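For reference, the structure discussed in these notes is given below.
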Amino acid sequence: DAAMESATVVMLNRPSGRHELALSKLEALAVSCGAPAPVAIPCDLASFAKTRAAGEELHRRYGESGLDGLCCNAGIMGFTDDATEDGLDIQMQSNHTGHFLLSKYAMPALEAAARLRGDARVVNHSSALRALPDTKWNNVLKEEYLAKNGGNLGGSKPGMLKGPNYERYQQSKLANVVFTYAMHDKLQAKGSDVKALVAHPGVAPTALHLNSMVGG
C-alpha cells in the first residue's frame, strides 16, 4: 500500500563490499519506485561497542518518528571456537547477544511507531537447526554458551551440521527463540503494541554456507 511504498529501509551492516553492493541496488530501486533512499548505519554485531553506537544512532534518527520493524537476521554458522573482543563466542554474539543489545536500543523507537501507527515488531530469524539431534544439548539452552567463554566451548572440529562448531550454532539459534518468547511475555505484560516474532526463514541465496566452510 501507499505507506509501504513510502517506507525508508534502514540497513545495519558491517562495512564491506557486499554491503556497498546491496546499498547501491536498493538506492537504484528506490529511485525507480519514487521511494525514500535507504539509510545505512554501520553496525557490527560482534562488537558491543559498535552495536551500541548503531543503536544510539538508530534512536537519534527514529526515536520520535518511530521504527516500524526491526529484522534481526544476521548470522554466521559453523565457525571455529573463537572469542569476540567482548569475550563471548563469535557465533553467539553475532547471532544472538548482538541482536539482544540492538533490540534494547531500538525498543523506544519501536514503541513510538506502535503509538503512532498502531503496530511495530521485532522479527528474529532462528533456524530449524535450533533442534539439532546430533548436538550435545539438542533443544536445551546452556548458560555457559551465553557467558564470556569464547574460545573454551568445545574447540574446533570440521564437519557439516555436527560437532562443537555446530553445537555453538545450535545454541545461538535456540537463544533466538528463547529471547523472542521472553520478549513477547514482557511486551504483553506491559500492554505494548510491539510484537515479538521468530521464524525459520528457510534457505536463502547468501554466503552463509560458503562462509561456514571457510570459518569451520
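Grab the other residues whose beta carbon is less than 10 angstrom from that of Asn95, score K and R as +1, D and E as -1, and report the net. So the environment of Asn95 carries a net charge of +1. Once you sort the root eigenvalues of the Cα gyration tensor of the range 1-77 as a ≥ b ≥ c, which label holds: rounded (a/c under 1.5), prolate (a/b larger than b/c) or oblate (the other case)? Because a/c hits 1.5 or more and a/b fails to exceed b/c, the range 1-77 counts as oblate. Comparing His19, Leu70, Gly55 along the charge dipole axis of the range 1-86, the residue lying farthest to the positive side is His19, per the Cβ-charge model. For Lys195, the amide hydrogen comes within under 5 Å of the amide hydrogens of Ala120, Arg121, Val122, counting only partners 5 or more places away or on other chains and with H modelled in the peptide plane. On a 18 Å Cα-Cα criterion, which of the cross-link pairs Lys25/Lys104; Lys104/Lys195; Lys104/Lys142; Lys104/Lys148 come out too long? Cα-Cα > 18 Å for Lys25/Lys104; Lys104/Lys142; Lys104/Lys148; rest within.
Does anyone have the angle between helix 17-33 and the longest principal axis of the chain? Alpha-carbon axes, 0 to 90°, nearest 10? Here the helix axis deviates by roughly 30 degrees.
For Met11, the residues whose modelled amide H falls within less than 5 Å of its own, excluding neighbours fewer than 5 places apart on the same chain, are Val39, Ala40, Ile41.
Axis angle, to the nearest 10 degrees, between helix 48-62 and the longest C-alpha principal axis of the chain: 20 degrees. For the range 64-77, 3J(HN,Hα) computed residue by residue from phi via the Karplus equation (6.51, -1.76, 1.60; θ = phi - 60°) reads 9, 6, x, 10, 7, x, 10, 9, 9, 10, 5, x, 10, 9 Hz, glycine and proline entered as x. Taking a sphere under 13 Å around the Cβ of Gly151 and counting the other residues whose Cβ falls inside, with K and R at +1 and D and E at -1, yields a net charge of -4. Against the longest alpha carbon principal axis of the chain, how many degrees, from 0 to 90 and to the nearest 10, is the axis of helix 98-117 turned? Taking the Cα atoms of the chain, the angle to 98-117 is about 30 degrees. From the alpha carbon centroid of the range 129-160 to that of the range 64-108 is 17 Å.
Restricting the calculation to Cα atoms, every distinct pair contributes to the Kirkwood radius of the range 19-128, found to be 15.2 Å. Along the chain, the longest continuous region that contains none of the GluC sites (Glu not before Pro) in a DSSP loop with at most 15 other C-beta atoms within 10 Å is 86-216. Only protein atoms count toward the accessible area here, which uses a 1.4 Å probe; on the range 81-213, the carbon and sulfur part of that area reaches 56 percent.
Report the convex hull volume per residue for the chain, counting only C-alpha atoms, in Å³.
Values: hull volume 26.7 nm³, N = 216.
In the chain, the Cα convex hull volume per residue is 123 Å³.
Only helical runs count toward this figure. For the chain, summing -39,500 (n - 2.57) over DSSP H runs of n ≥ 4 and dividing by all residues gives -13500 deg cm²/dmol at 222 nm. Only Cα pairs within less than 10 Å get springs; with that Gaussian network setup on the chain, which residue of Asp81, Asp185, Asp89 has the largest fluctuation? Ranking Asp81, Asp185, Asp89 by mean-square fluctuation puts Asp185 first.
Seen from Glu111, the other residues with C-beta closer than 15 Å to its C-beta sum to a net charge of +3, counting Lys and Arg as +1 and Asp and Glu as -1.
Placing unit charges on the Cβ atoms only, positive for Lys and Arg and negative for Asp and Glu, gives the range 1-65 a dipole magnitude near 280 debye about its Cα centre. Accessible surface area normalised per residue over the chain is 54 Å², counting heavy atoms of protein chains with a 1.4 Å rolling probe.
The values are calculated or read from the model by the stated rules, or taken from the named source; none is laboratory data. These figures come from a predicted structure and were not determined experimentally. FYI the Cβ positions are ideal-geometry reconstructions off the backbone, even for glycines, and counts take in every protein chain you see. Keep in mind that these areas ignore ligands, DNA and RNA; they rest on the heavy atoms of the full protein, side chains included. Shrake-Rupley method; radii C 1.70, N 1.55, O 1.52, S 1.80 Å.
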